[in-house]
1. Could you list which residues have their amide H under 5 Å from that of ILE43, counting only those 5 or more apart in sequence or on another chain, with H placed in the peptide plane?
2. Rounded to the nearest 0.05, what FRET efficiency is calculated for ASN46 and GLU26 with R0 set to 30 Å and r the Cβ-Cβ distance?
3. Treating the Cα atoms of segment 40-102 as identical point scatterers in vacuum, please give the log10 of the normalised Debye intensity I(q)/I(0) at q = 0.13, 0.18, 0.20, 0.23 Å⁻¹, two decimals.
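Bear in mind these aren't lab numbers, they're just calculated from the coordinates by the rules spelled out. Note that the structure is predicted; figures quoted are calculated from it, not measured. Note that each Cβ is placed from the backbone with ideal geometry, even for glycine, and that neighbours are counted across all protein chains shown.
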Amino acid sequence: MKKLPLLFASLALTALSYSAMIQAAEPPTYEQNQQTKIQLQQININQAKAKDFIQLRGIGEKKAQAIIQYRKLNGAYNSLNDLLKVKGIGKKILLDNKALLTI
């Protein structure tokens, strides 16, 4: 009987430790990601590489390559709004990332 309270205490401690590990392993929230992105330097769309574009919200490998391919075929972007000419880049993606982009 003396071991029963010790067993419950041990189980409770294990549960608390496990709970803390689960919380620590959760991915960052959208807001946390945005704060991290704000700390990044702006991305010059006329010089950026695919790895730079992939950091942006809504842009994966295919869209990053499309941005670069458009730049190669048509020359430098004259404004951020020129990104809307790239297939797959719409107003929402541009608005979500505009603060992080520069010419």
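1. Here the answer is LEU101, THR102, since their amide H atoms fall under 5 Å of that of ILE43.
2. Details: r = 37 Å, r/R0 = 1.24.
Approximately 0.20, to the nearest 0.05.
3. At q = 0.13, 0.18, 0.20, 0.23 Å⁻¹ the computed log10 ratios are -0.26, -0.53, -0.67, -0.92.
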